[in-house]
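Read through the structure below, which is laid out as structure tokens, and then see the notes.
The values are calculated or read from the model by the stated rules, or taken from the named source; none is laboratory data. Values in this document were obtained by computation on a predicted structure and should not be read as measured data. Methodologically, a virtual Cβ is constructed for each residue, glycine included, from the backbone with ideal geometry; neighbour enumeration extends over all protein chains shown.
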Amino acid sequence: MSEFTFLTGSEDWWRQAVVYQIYPRSFADANGDGIGDLKGIISRVPYLKALGIDAVWLSPHYPSALADGGYDVDDYRNVDPRLGTLAEFDEMIDALHAEGIRVIIDIVPNHSGSGHVWFQEALRSPKGSPARDRYIFRDGKGENGEIRPSELVSHFGPTAWTRITEPDGTPGQWYMHLFAPEQPDFNWDNPEVREDFLKTLRFWSDRGVDGYRVDVAHALVKNLANGHLPERASYDLSLVKHDGSDDLFDRDEVHDIYRSWRKVFNEYNPPRMAVAEAWVHPPVNATRYVRSDELHQVFNFDLLDAAFNAQQLYGLMSAAIDLMKSVGALPTWALSNHDSPRVASRIGEVQSRALALFVLALPGSCYVYAGQELGLPDGVIPDEARQDPIYFRTKGTQKGRDGARVPLPWSGEAAPFGFTSGSPWLPLQESWKELTVEKQDTDPKSSLNLYRSALNLRAEHLVDNGEVQWIESPEHGRKNNSLLAFKRGNVSIYMNLSDTPIEVEVSGKLLVVSAGIVDGRDGKVTIPPVSTIWLHH
Ligand code: BGC
């Protein structure tokens with residue numbers, strides 16, 4: 001592996017990194033099959049470089065039946081042939097590293113795909129065999145085992161148990177899957193499972209991967225001792241025990257796994273990092289995942305569904321900063337991801353720009369979901385094009401997450417806007433004509449150019465520039481939902497959430513504005529409606 005120079009060269013580069021999430025199938029398609037691929041990513045490295053990100057997080061790139069968009073992994077140490085080859089993966093890493101961009105990949109340890117060799121072996125093997133012990137197989141209840149072993153709902157719909165047909169053709173045991181039936185849960189009490197993941201972490205780390213996003217990191221260990229089986233009718237976080245003894249989530253034992261992972265990460269120079277997707281409550285439990293001998297970051301999802309409301313945003317942001325500070329860590333921020341509605345659709349395009357510019361000035365690291373920089377809204381998906389298992393498992397009562405996963409519009413006047421020369425796996429909207437990268441590239445007022453400027457200025461003025469000091473404004477307070485502001489070092493950040501201009505008494509040089517024209521004179525600055533400004537003093 002060659003030596004590269006990174007924009008943030010230190011071992012803890014991730015602490016304040018801007019990480020760009022690529023959903024590989026939706027980013028760029030180089031071979032015309034309608035599905036984004038690694039060659040497509042390689043072809044867009046100059047775009048990523050110009051954007052000014054520090055790292056890319058790649059959603060799963062593994063061989064998969066795509067029952068859950070790749071979160072059903074059939075082989076942890078390979079590349080989905082539809083996306084490319086291992087050689088192309090290496091090429092992609094080198095191309096990104098050459099531009100100083102690090103690479104985080106998704107690791108999915110709670111469950112495999114049902115096509116995984118181990119699951120297939122388990123299906124062929126008898127009850128009680130070592131092959132079945134890698135997963136969670138149990139006998140059913142009732143005279144003939146026809147009743148599911150426990151009342152456990154799946155995240156994606158009715159039940160978390162599916163019955164198999166034994167090799168001799170008779171109805172057989174049941175296996176547990178917290179998500180789709182094509183995602184059988186591993187038995188993390190089995191040492192072979194633990195060993196295999198360490199092998200996988202070394203496999204990718206050896207290839208130069210810089211970090212990992214750990215899927216459902218809080219769920220790996222379940223209470224299965226002495227014949228016990230978890231029961232649950234809903235995944236409302238308030239039903240989860242908070243003291244590490246819940247049957248399913250956030251159990252104390254899960255942390256032993258991350259301690260063993262951290263040892264592997266530390267075998268490398270620089271050490272590999274990991275960010276946990278851990279849905280835990282109360283928030284203080286999240287800090288347990290970032291203890292110095294465990295993972296490095298934990299996602300904060302609060303802003304994914306926060307209203308565009310000064311009081312609420314202040315509460316969530318200041319709490320996240322304080323919480324992480326209590327353990328010497330910095331927060332992470334995300335406004336969109338592949339599991340939630342896009343921020344531009346949720347709170348509005350202009351609002352989402354203002355919020356993004358505000359968040360990009362906060363301490364910690366920012367996760368930006370591909371397309372967010374374009375101000376992309378959710379796609380409108382006809383039911384017959386839907387792919388998300390949530391849609392199918394709830395019989396259409398929940399539409400699922402496909403709207404946020406529509407491919408990116410790159411160029412041209414008609415869909416699929418240069419994403420593919422073929423037919424895209426999800427339809428792009430004709431109305432995105434003005435949102436293509438090509439159109440936005442040359443428009444100084446575009447969302448894309450706002451992100452480019454902000455990322456540039458953030459690197460120059462805000463990284464390592466001190467703690468947040470909230471600015472109280474008696475006249476335009478948070479309570480009347482008009483202004484939210486803070487200072488970091490010699491930069492002040494003001495977000496006007498209201499639909500009228502706000503004048504504040506402050507002077508300084510305008511670094512960037514998310515929308516509208518800023519008027520400044522005589523020690524006063526007028527912030528345009530629904531807009532954020534950064535001022536340098
Ligand atoms: C991922 C989802 C996925 C689920 C199961 C989540 O945390 O982000 O996209 O469906 O895990 O793997």
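General remarks:
- Members of segment 373-423 that are of a type in the set (S, T, N, Q), crowded, with 18+ Cβ neighbours inside 10 Å and under 21 Å from Leu48 (Cβ atoms): Thr420
- Of the residues Arg478, Arg452, the single one that is charged (D, E, K, R) and surrounded by fewer than 20 Cβ atoms within 10 Å (Cβ to Cβ) is Arg452.
- Only one of the listed residues (Arg163, Arg202) is away from the ligand (no atom under 16 Å from the Cβ) and over 24 Å from the mean Cα position of the chain (by Cα). That residue is Arg163.
- Per the conditions (1) charged (D, E, K, R); (2) touching a residue at least 40 places away in the same chain (Cβ under 8 Å); (3) over 28 Å from Asp12 (Cα atoms); (4) part of a loop (DSSP other than H, G, I, E, B), the sole criterion not satisfied by Glu267 is (3).
- Residues of segment 139-158 that are under 18 Å from Leu224 (Cα atoms), more than 16 Å from the ligand (Cβ to nearest atom) and surrounded by 17 or more Cβ atoms within 10 Å (Cβ to Cβ): Gly140, Arg148, Pro149, Ser150.
- Filtered residues of segment 205-219 (kept if of a type outside the set (Phe, Trp, Tyr), buried (at least 18 other Cβ atoms within 10 Å of the Cβ) and away from the ligand (no atom under 12 Å from the Cβ)): Ser205, Gly208, Val209, Asp210, Gly211
- Look at segment 315-338: where a residue is within 16 Å of the ligand (Cβ to nearest atom) and a partner is of a type in the set (D, E, K, R) and not in a loop (DSSP other than H, G, I, E, B), sitting 6+ places away or on another chain with Cβ atoms under 8 Å, you get His338/Arg405.
- Selection from segment 109-127 of residues that are closer than 13 Å to Phe186 by Cβ and either in a helix (DSSP H, G or I) or away from the ligand (no atom under 14 Å from the Cβ) (or both): Trp118, Phe119, Ala122
- Test: Asp133 is away from the ligand (no atom under 16 Å from the Cβ) and either surrounded by 16 or more Cβ atoms within 10 Å (Cβ to Cβ) or not hydrophobic (A, V, I, L, M, F, W, C) (or both): yes
- Options Ser238, Ser205, Ser318: the member that is touching a Phe, Trp or Tyr at 6+ places or on another chain (Cβ under 6 Å) and assigned to a helix (DSSP H, G or I): Ser205
- Subset of segment 50-68 that is part of a loop (DSSP other than H, G, I, E, B) and more than 16 Å from the ligand (Cβ to nearest atom) - its residue that is farthest from Ser114 (Cα to Cα): Gly52
- The listed residue being modelled with pLDDT of 95 or more and assigned to a strand (DSSP E or B), out of Arg163, Arg132, Arg194: Arg163
- Restricting segment 69-88 to residues that are in contact (Cβ under 8 Å) with a residue 60 or more places away in the chain and crowded, with 24+ Cβ neighbours inside 10 Å, the residue that is farthest from the ligand (Cβ to nearest atom): Asp72
- Residue in segment 95-102 that is under 20 Å from Tyr20 (Cβ atoms) and surrounded by fewer than 16 Cβ atoms within 10 Å (Cβ to Cβ) present: yes
- Some residue of segment 286-295 being without any contact (Cβ under 8 Å) to a residue 60 or more places away in the chain, within 16 Å of the ligand (Cβ to nearest atom) and either in a helix (DSSP H, G or I) or in contact with a helix residue (DSSP H, G or I) (Cβ under 7 Å, 6 or more places away or on another chain) (or both): yes
- The set of residues from segment 382-394 being more than 16 Å from the ligand (Cβ to nearest atom) and in contact (Cβ under 8 Å) with a residue 40 or more places away in the chain comprises Pro382, Ala385.
- Close pairs from segment 120-136: first on the phi > 0 side of the Ramachandran plot, partner crowded, with 20+ Cβ neighbours inside 10 Å and outside any loop (DSSP other than H, G, I, E, B), Cβ under 9 Å, at least 6 apart: Gly128/Phe137
- Note on segment 143-171: residues that are touching a residue at least 12 places away in the same chain (Cβ under 8 Å) and within 21 Å of Lys127 (Cα to Cα) total 14.
- Checking Trp261 against (1) among the aromatic types (Phe, Trp, Tyr); (2) within 16 Å of the ligand (Cβ to nearest atom); (3) in a helix (DSSP H, G or I), the condition it does not meet: (2)
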